[in-house]
Amino acid sequence: MANWWKNAVGYQIYPRSFMDSNDDGIGDLKGIQAKIPYLKELGIDFIWLNPIYQSPNVDNGYDISDYQAINPEFGTLEDLKELIQLAHDNQIKLIMDLVINHTSDQHPWFLESKKSKENPYRDYYLWADASPEKMPNNWQSFFGGSTWTYDSSTKQAYFHVFAKEQPDLNWKNPAMRKDIYQMIRWWLDFGIDGFRLDAISHIQKQPWDFKITDNPWAPFMNVAGIETYMAELKEIFRSYNIMTVGEASGVSSKSAALWTDPEDGYIDMIFELEHQVRTGEPGYEIGSLPGFKKVLSRWQKDLQPNGWNALYIDNHDNPRSNSIFGNETNESATALATAYLLLRGTPFIYQGQELGMTNFPFESIDELRTTESLQTYHDWLNKGLSQNEALRLTTRWTRDHSRTPMHWTELGGFSTNQPWMKLNTNTDKINVAIQQANPASPFNYYKKLITLRKSLPVFTSGSYQIALAKHPSVWAYTRKDETNEVFVLTNLSEKEQTITLPNYWTNPNDSFEVLLTNYPNTTWQKKLILRPYEAIVVKKH
Ligand code: ISL
Ligand code: CA
């Protein structure tokens, strides 16, 4: 069946924090198996697993030392086979993370590469002449510090856009590409249903003497020449009935339409990284709703004729949307869900988002796990800040907020052992068990929302048109096809908002049916007082 992913809803699992089956405090594959009925009940169609490969875990699995082995913490290849089978038996597909911009520095290729300039694996990575005082250039890595790490034995430095334990692969080398392509085919033949391509827009770099003007990441963001590699990847992907979603920061909404064109595109859809617009001083910043709405509207428009969006509000790299754009209530969780899940594209739900999980109230640096955040904290201390101030500046936007274990029961129910990372303090209020039993919970609202999305083709293929575009707190839009027209109206603020709907939306000659709301007693009329984080979905007849 062509394009099965177009009307599918995805669910992102961070395996380390989803469910621990053997009580070592770390989530695992058997834990995921045990929760397939839960995912089935929620109504999702496919799972995206964050990396579960062999890894020294400098970047929680994004530093891979063996692409074709499972990290024993998570289980075995056999467990994965079983999970895929079980998922398929429940009409759920499964895609894996594909991390091919870099490997771990413990990958056998890199261990060889480091040995000498003559080693056959030398050119699998990016090496350049350097001295301890002088790196090949002054480019900065995403995780702080130089993109170069010096190796005294060969008097050269190797290149890395992330941590120094994540050396970048040399995509110019055909031998390296051949090995990577073989690995990709191996996984597709294993029976998975697709890939999420990690950091894929960084695989091509500018020449080392490229001069940075404004954007510090320009030397490795969607650099010309990447087309060759993407086209080769596409050729592999197109020979399987799979889906591919690229994490492609730096690919503009305009070029994303080409990247995801159904005829000529490289991949099926793209995660943009632009909508987490922030406002305020670092450490005190909050999400900017006007920015959020504007960016997403632009992506909707630019990809409308040909491209395809991947839709998300939470993931493993960002704080919880219910804390950043919401006010940590059921209403804000469900209003945010309504706003993004009915857009044009394939929606992804990140574990716990369907419960309205919130940011973690960090009180001590010991509660953080991400290498990058620990680094930031120490940088702040070195600049002379107090521990409290450094903690606050680091934790406002740390990835660790979204990586705390999933809440299954009042006490957590993730593991009977001490978990690898603390559970949030609100498991008693936000958990699967109470939400399943409460018809008005975010969980049950997500179920309705997913069902609604699938009940009308307009939500998959209809066009997108924003209304009240300038409103600072309300996001309103129309989805329309030949048969149906629906209005999605959300107040994304904690204040009441009095609005006047466009005439077209309230024409007395038409009749209107409320399809979904997150408040009781909703009315639909020209002048409306929207309650805090109220969401209404209406269909015109
Ligand atoms: O850092 C970025 C922009 O500021 C992004 O361009 C970058 O691509 C993104 O942060 C990459 O994230 C992904 O790859 C990382 C890993 O740590 C993240 O968890 C993963 O989502 C390295 O593999
Ligand atoms: Ca475990």
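The values are calculated or read from the model by the stated rules, or taken from the named source; none is laboratory data. Being a predicted model, the structure only gives us computed values, none of them experimental. Here the Cβ is made from the backbone with ideal geometry for all residues, glycine too, and neighbour counts use every protein chain on show. Keep in mind that these areas ignore ligands, DNA and RNA; they rest on the heavy atoms of the full protein, side chains included. Shrake-Rupley method; radii C 1.70, N 1.55, O 1.52, S 1.80 Å.
What number of residues in the range 216-258 are closer than 13 Å to L188 by Cβ and of a type in the set (A, V, I, L, M)?
We begin by selecting, within the range 216-258, every residue closer than 13 Å to L188 by Cβ; these are 233, 235-244.
Among the residues that remain, those that are also of a type in the set (A, V, I, L, M) are: 233, 236, 242-243.
So the count comes out to 4.
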Within the range 180-213, of all residues that are touching a residue at least 40 places away in the same chain (Cβ under 8 Å) and acidic (D, E), the one farthest from P51 (Cα to Cα) is D209
Determine whether N137 is assigned to a loop (DSSP other than H, G, I, E, B) and touching a residue at least 60 places away in the same chain (Cβ under 8 Å). yes
query = Does at least one position in the range 509-517 carry a residue that is farther than 18 Å from T478 by Cβ and surrounded by 18 or more Cβ atoms within 10 Å (Cβ to Cβ)?
reply = no
Fill in: Yes/no for G144 being exposed (fewer than 15 other Cβ atoms within 10 Å of the Cβ) and within 22 Å of the chain's Cα centre (by Cα)
yes
Per the list (1) in contact with a strand residue (DSSP E or B) (Cβ under 7 Å, 6 or more places away or on another chain); (2) open to solvent by 60 Å² or more (accessible area, probe 1.4 Å); (3) more than 16 Å from ligand 2 (Cβ to nearest atom), residue check on T76 breaks on (3)
Cβ pairs under 8 Å, 6+ apart or interchain, first in the range 85-101 and closer than 15 Å to W48 by Cβ and of a type in the set (K, R), second at pLDDT 95 or above and outside any helix (DSSP H, G or I), ordered by first then second residue, are K93/A8; K93/D45; K93/F46; K93/I47; K93/D193; K93/G194; K93/M243
Residue set E82, E41; condition touching a residue at least 40 places away in the same chain (Cβ under 8 Å), within 16 Å of ligand 2 (Cβ to nearest atom), open to solvent by 40 Å² or more (accessible area, probe 1.4 Å) and not in a loop (DSSP other than H, G, I, E, B); output residue E82
Within the range 354-393, residues part of a helix (DSSP H, G or I), within 16 Å of ligand 1 (Cβ to nearest atom) and either open to solvent by less than 60 Å² (accessible area, probe 1.4 Å) or closer than 20 Å to N322 by Cβ (or both) come out as E372, S373, L374, T376
Practice prompt. Determine if the range 153-171 includes at least one residue that is farther than 27 Å from I95 by Cβ, loosely packed, with under 15 Cβ neighbours inside 10 Å, touching a Phe, Trp or Tyr at 6+ places or on another chain (Cβ under 7 Å) and not hydroxyl-bearing (S, T, Y).
Written response: no
A333 fails exactly one of (1) in contact (Cβ under 8 Å) with a residue 12 or more places away in the chain; (2) aliphatic (A, V, I, L, M); (3) open to solvent by 10 Å² or more (accessible area, probe 1.4 Å), namely (3)
Matching residues in the range 148-171 (in contact (Cβ under 8 Å) with a residue 24 or more places away in the chain and outside any strand (DSSP E or B)) number 13
query: Looking at this structure, is Y53 in contact with a Gly (Cβ under 9 Å, 6 or more places away or on another chain), within 16 Å of ligand 1 (Cβ to nearest atom) and of a type outside the set (K, R)?
result: yes
Query raised in the report: Does any residue of the range 459-468 turn out to be in contact (Cβ under 8 Å) with a residue 12 or more places away in the chain, surrounded by fewer than 16 Cβ atoms within 10 Å (Cβ to Cβ) and more than 25 Å from the chain's Cα centre (by Cα)?
Result: no
Taking first residues from the range 19-31 that are on the phi > 0 side of the Ramachandran plot and second residues anywhere that are open to solvent by 10 Å² or more (accessible area, probe 1.4 Å) and more than 6 Å from ligand 2 (Cβ to nearest atom), the pairs with Cβ under 8 Å that are 6 or more apart or on different chains are D23/S415; D23/T416; D23/N417; G25/S415; G25/N417; G25/Q418; G25/P419; G25/W420
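Would you check if there is a residue in the range 14-33 being among the hydroxyl-bearing types (S, T, Y), within 16 Å of ligand 1 (Cβ to nearest atom) and either over 28 Å from S239 (Cα atoms) or buried (at least 22 other Cβ atoms within 10 Å of the Cβ) (or both)? Talk me through it step by step, then tell me what you get.
Kept after step one, since they are among the hydroxyl-bearing types (S, T, Y), are these residues of the range 14-33: 14, 17, 21.
Pick out the ones that are also within 16 Å of ligand 1 (Cβ to nearest atom) and you get 14, 17.
From the residues that got through so far, the ones that are either over 28 Å from S239 (Cα atoms) or buried (at least 22 other Cβ atoms within 10 Å of the Cβ) (or both) too are 14, 17.
Yes, some residue in the range 14-33 is among the hydroxyl-bearing types (S, T, Y), within 16 Å of ligand 1 (Cβ to nearest atom) and either over 28 Å from S239 (Cα atoms) or buried (at least 22 other Cβ atoms within 10 Å of the Cβ) (or both).
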Here the residues within the range 110-126 that are surrounded by fewer than 21 Cβ atoms within 10 Å (Cβ to Cβ) and hydrophobic (A, V, I, L, M, F, W, C) are L111
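Give the residues of the range 10-33 that are in a loop (DSSP other than H, G, I, E, B) and under 17 Å from N57 (Cβ atoms), sorted by residue number. Break it down stepwise before answering.
From the range 10-33, those in a loop (DSSP other than H, G, I, E, B) are 14, 18-28; that's our starting set.
Result: Y14, F18, D20, D24, G25, I26, G27, D28.
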Here, strands (runs of 3 or more DSSP E) confined to the range 191-285 with at least 1 residues that are loosely packed, with under 15 Cβ neighbours inside 10 Å are none
Within the range 397-412, restricting to residues that are closer than 19 Å to I32 by Cα and of a type in the set (S, T, Y), the one that is surrounded by the fewest Cβ atoms within 10 Å (Cβ to Cβ) is T409
Checklist entry - Does at least one position in the range 310-317 carry a residue that is farther than 27 Å from L49 by Cβ and modelled with pLDDT of 95 or more? => result no
